[in-house]
Amino acid sequence: MSEPLRVATATEADRPAWDSYVASRPDAAGYHEWAWREVFEHAFGHRPEYLMAFSGTEVAGVLPLVEIRSVLFGNSLTSLPFVNFGGVLAESQEAAWALVQRAGELARQHRCRHVELRHVGRHFSDLPCKQHKVTMRLQLSAGLWDRIDRKARNQVRKAQKSNLSVERGGSNLVQDFYRVFSRNMRDLGTPVYSRALFDEVVRAFPDRARIIVVRLDRQPVAAGLTFRTRNMVEIPWASSIREFNALCPNHLLYWTALESAVEEGATLFDFGRSTPEEGTFKFKEQWGAEPLALNWEYWLHPGDRLPDTSPKNPKYRLMIETWKHLPLWAANAAGPRIVRAIP
């Protein structure tokens, strides 16, 4: 007879067992690792609720959650916020469901509106699900240049002839990265993350998180942060300054990221989350990337509807247009306090 399941809240003492279990699972994302708990705590001040399922003394599953408390958007538990992947890792559907049930109990106790589980595949057919986003992935191999769309190759060549230079590094480049990233977010009408997020990521993963900066003379005009897990490199955050788009710095940024991934032996590149058929989706298609559907599944209170914090929600339209016209210093000062509540 199998041991009965129990679910407990993980503590620092459970960290070795947690990371050992995550490392044993080929379907784990890098974001499941315990170190991301510290990133969320230090960068945003949010309270993590990391759950472990046990069968006897053996780990049967894990569910990392972060509680976000917001007057504007309501309280929520998310696995995981601010990144593309998270959700349940479990040995069985029984263990997976036990973790979700415990998450629902926590949501009731903490007066959270919902629990959001960011899965790649569908895990729980009984839970409501959003399938509004895809992640774009490209298999890497030698001869990658010849597989890229001809238009993209021409734009990389144009960038290489435009007096642009590229630098790749770590914590020494966070400031330049953030100059580009914060400017681009303001121009899009989106509140920007605190620089602390990127400082914490590079601190937590000095060998796996790298920053790429494209410069015109000394000025950073495009930048991205890559993160490696096993054989996959992803670029969850990347930006360019639109007034330099004619020089194609964004293409040089992504080509550098792809080249570096191949040189380091990675076999898969994840371009990050996109809305099907929109601009960033089509940009990533140029490189040969193919869409993989994301399934965001929800535990909801009876009778509640799925949350909608999308920038396409009409009630946020005025705020977005106003944000685009803020001075950069004002957007950078106010943005982190707002966006920390938008998972």
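The values are calculated or read from the model by the stated rules, or taken from the named source; none is laboratory data. The structure presented is a predicted model; accordingly, all values stated were derived computationally and were not measured. Cβ sites come from the backbone with ideal geometry, for glycine too, and all protein chains shown count toward neighbours. Calculation scope for accessible area: heavy atoms of the full protein, side chains included, ligands and nucleic acids excluded. Shrake-Rupley method; radii C 1.70, N 1.55, O 1.52, S 1.80 Å.
Any idea how many residues of the stretch 114-137 are open to solvent by 20 Å² or more (accessible area, probe 1.4 Å) and part of a loop (DSSP other than H, G, I, E, B)?
10
Look through the stretch 75-96, keep the residues that are over 18 Å from residue 32 (Cβ atoms) and surrounded by fewer than 23 Cβ atoms within 10 Å (Cβ to Cβ), and return whichever of them is nearest to the chain's Cα centre (by Cα).
It comes out as 75.
Report, ordered by the first and then the second residue, all pairs with beta carbons closer than 6 Å, sequence separation of six or more or different chains, a first member in the stretch 245-264 that is farther than 15 Å from residue 153 by Cα, and a second member that is surrounded by 23 or more Cβ atoms within 10 Å (Cβ to Cβ).
That search, which allows pairs on different chains as well, returns 261/233; 261/269.
For (1) assigned to a strand (DSSP E or B); (2) farther than 14 Å from residue 179 by Cα; (3) over 17 Å from the mean Cα position of the chain (by Cα), each residue gets a yes or a no:
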{"position": "202", "(1), (2), (3)": "no, yes, no"}
{"position": "207", "(1), (2), (3)": "no, yes, yes"}
{"position": "215", "(1), (2), (3)": "yes, no, yes"}
{"position": "226", "(1), (2), (3)": "yes, yes, no"}
{"position": "233", "(1), (2), (3)": "yes, yes, no"}
{"position": "236", "(1), (2), (3)": "yes, yes, no"}
{"position": "239", "(1), (2), (3)": "yes, no, no"}
{"position": "243", "(1), (2), (3)": "no, yes, yes"}
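Quick check on this structure: which one of 71, 59 is out of contact with any strand residue (DSSP E or B) (no Cβ under 7 Å at 6 or more places or on another chain) and either modelled with pLDDT under 95 or under 16 Å from residue 10 (Cα atoms) (or both)?
Only one candidate passes the filter, namely 71.
Anything in the stretch 292-307 that is touching a strand residue (DSSP E or B) at 6+ places or on another chain (Cβ under 9 Å) and either modelled with pLDDT under 90 or more than 26 Å from residue 187 (Cβ to Cβ) (or both)? List them, or say none.
Scanning the stretch 292-307 gives 292, 293, 295, 296, 297, 298, 299, 300, 301, 304, 306, 307.
Do you know which residues across the stretch 269-299 are under 14 Å from residue 257 (Cβ atoms), of a type in the set (D, E, K, R) and without any contact (Cβ under 8 Å) to a residue 40 or more places away in the chain?
none
Taking the residues in the stretch 209-232 that are in contact (Cβ under 8 Å) with a residue 40 or more places away in the chain and β-branched (Val, Ile, Thr) as candidates, determine which candidate is surrounded by the most Cβ atoms within 10 Å (Cβ to Cβ).
Top of the filtered list is 214.
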